[in-house]
1. Residues in region 181-192: is at least one farther than 23 Å from LYS296 by Cα, touching a Ser or Thr at 6+ places or on another chain (Cβ under 9 Å) and not in a helix (DSSP H, G or I)?
2. Please count how many residues of region 108-138 are outside any loop (DSSP other than H, G, I, E, B) and either under 17 Å from the mean Cα position of the chain (by Cα) or modelled with pLDDT under 90 (or both).
3. Condition (residue is closer than 23 Å to GLY118 by Cα and surrounded by fewer than 18 Cβ atoms within 10 Å (Cβ to Cβ)) applied to region 363-371: is it met by at least one residue?
4. With (1) loosely packed, with under 15 Cβ neighbours inside 10 Å; (2) modelled with pLDDT under 90; (3) on the phi < 0 side of the Ramachandran plot as the list, and GLU349 as the residue in question, which single condition is left unmet?
5. Specify the residue that is farthest from the chain's Cα centre (by Cα); the eligible residues are those in region 1-48 that are among the basic types (Lys, Arg) and surrounded by fewer than 11 Cβ atoms within 10 Å (Cβ to Cβ).
6. Would you check which residues across region 360-400 are within 26 Å of ASN271 (Cβ to Cβ) and small (Gly, Ala, Ser) and list them?
7. Tell me which of these GLU310 doesn't satisfy, since it passes every other one: (1) under 30 Å from GLN162 (Cβ atoms); (2) in contact with a helix residue (DSSP H, G or I) (Cβ under 9 Å, 6 or more places away or on another chain).
8. Within the set of pairs 6 or more residues apart or between chains, which connect a residue that is in the same structural domain as GLY118 (by TED's automatic domain parsing) inside region 332-346 to a residue that is part of a helix (DSSP H, G or I) and surrounded by fewer than 17 Cβ atoms within 10 Å (Cβ to Cβ) with Cβ atoms less than 6 Å apart?
Amino acid sequence: MSLEKTKYKSVYKRVGKKDTTFYIKYKKDGKSTEKKVGTLKLGMTETKAKKILDEALLNIRKGISEDSVLSSSSSTLTATSKMSLNKLAEIYFTKFEKLCEEELHLEKAFKQYKDLEGIRREKSLYKSFWSEWNLAQIGFHSITTQHFVDRVIELEKLTKTQVRNLEQITLPKFSGKYLSNGLILIKSIVKHTKCSHNPLELKDVKSHEKTDAHEKLETIYKRLKAKSVPRTSYLEPFQIKSLLDKLKEKDVYRQGYLMTLIIASTGMRPNSVLNLKIKDFLFKDKIIKVFDFKRKMNYYCNLTPLLSFELESFIKDRNLDEYLFFSEHTQKVKILPRTPDYLADVINEMFNKNRFGKDRLALYSLRHSFATNLVKGKKNELKNEWDIMPVSIFKIQKLLNHSTIETTIKHYAKFSPDFARDSITAYEESYI
């Protein structure tokens, strides 16, 4: 079977029934040389072959043997891609655990890498999707794009049974966002172990080089992205009040009540709430110093009167370096690993009996509720005035510590308050 030309000079391909093989041709000392550089199934493309050719020619001009360059490239491929996925994952997690240990002495705002909790979540994710996969023990170079497509479809079919309103219902076992994170994790493992084989990467695959598997994977990415759209449901102010009242009924819910009040009053993320220490509450200035784990930075929230009042007795005579929330295990000197389970139970009991999928409410929904209610405001129709004045979308961005206004607009601009229409009408009347 003869070689076919590609759009790049001196880069060729041989299209077979099972795979496409790429070759480069060049001259050295007047002699023509032909080298096989890889196959489509192992991630080779015309563009990658051209880069290998350019690197080889550059090193020939420098007097470096092209054979050593190509053999070095091949050895890199062999050293990483022939390892199993489980072995690559082991290297990946070991790397970040070590980096995490090196940064233990640093303040959170100065850390560059994942913290121990982030590593724990990724390990749990890997265990759910990949560690028991029948292909996780073979050489990674043998795993194709189609294998990953089949695996995701297999995972999407897994379901779980729950009892709601005395009836059994069947739900997907994994959310679209969780599945999407599972694929992102594999990309991270490939990147940080410097594995040259990446069957999940589509960016370097030209349209004319795409296989059916590439098309299917692209469709999966789009489908999972659509499924992972954030929840749009939120709690109205009267619903938040009923939730807080419910939590105040039991003394054992005291910490859960305060967590709920903090998120409802500030829009803080739950993991930031768990990270709060007594010293982060600046009562004189009426602000709270918050660490944003997502952006790895500190920012400030307003300390509201009700929250300030509720905290006074809870933190009385406490050490400033103690964590606000604690358990018998953490003893106030370690961060509480997660919010109490009873919070989810109470929210489900009160609001989720007839809600499904993205419509279900969670503790995180209070952050969404904070922003949505402030953007919408609350108008007293009888008095024709605002009980809650709408807040500018730009101020909401600052309150939520979003990195860009686009993020805030994407989620909250749809709640354009009626006062905008009133203002436009008043503006029009000023010049007619």
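The values are calculated or read from the model by the stated rules, or taken from the named source; none is laboratory data. Note that the coordinates shown come from a computational prediction; the quantities given were computed from them, not determined experimentally. Counting neighbours? That spans all protein chains shown, and the Cβs are built from the backbone with ideal geometry, glycine included.
1. Within region 181-192, none of the residues are farther than 23 Å from LYS296 by Cα, touching a Ser or Thr at 6+ places or on another chain (Cβ under 9 Å) and not in a helix (DSSP H, G or I).
2. Residues of region 108-138 outside any loop (DSSP other than H, G, I, E, B): 108-110, 116-129.
Narrowing the set further to residues that are either under 17 Å from the mean Cα position of the chain (by Cα) or modelled with pLDDT under 90 (or both) leaves 108-110, 116-126, 128-129.
Selection size over region 108-138: 16.
3. Taking every residue of region 363-371 in turn, at least one turns out to be closer than 23 Å to GLY118 by Cα and surrounded by fewer than 18 Cβ atoms within 10 Å (Cβ to Cβ).
4. Going through the list (1) loosely packed, with under 15 Cβ neighbours inside 10 Å; (2) modelled with pLDDT under 90; (3) on the phi < 0 side of the Ramachandran plot, GLU349 breaks only (2).
5. Quick first cut of region 1-48, residues among the basic types (Lys, Arg) only: 5, 7, 9, 13-14, 17-18, 25, 27-28, 31, 35-36, 41, 48.
Okay, now just the ones that are also surrounded by fewer than 11 Cβ atoms within 10 Å (Cβ to Cβ), so 5, 7, 9, 17-18, 31.
Values: LYS5: 41, LYS7: 37, LYS9: 41, LYS17: 39, LYS18: 36, LYS31: 52 Å.
Ranking the candidates gives LYS31 first.
6. Start the filter on region 360-400 by keeping residues that are within 26 Å of ASN271 (Cβ to Cβ), which leaves 360-375, 391, 393-400.
Within region 360-400, ALA362, SER365, SER369, ALA371 meet the criteria.
7. (1)
8. none
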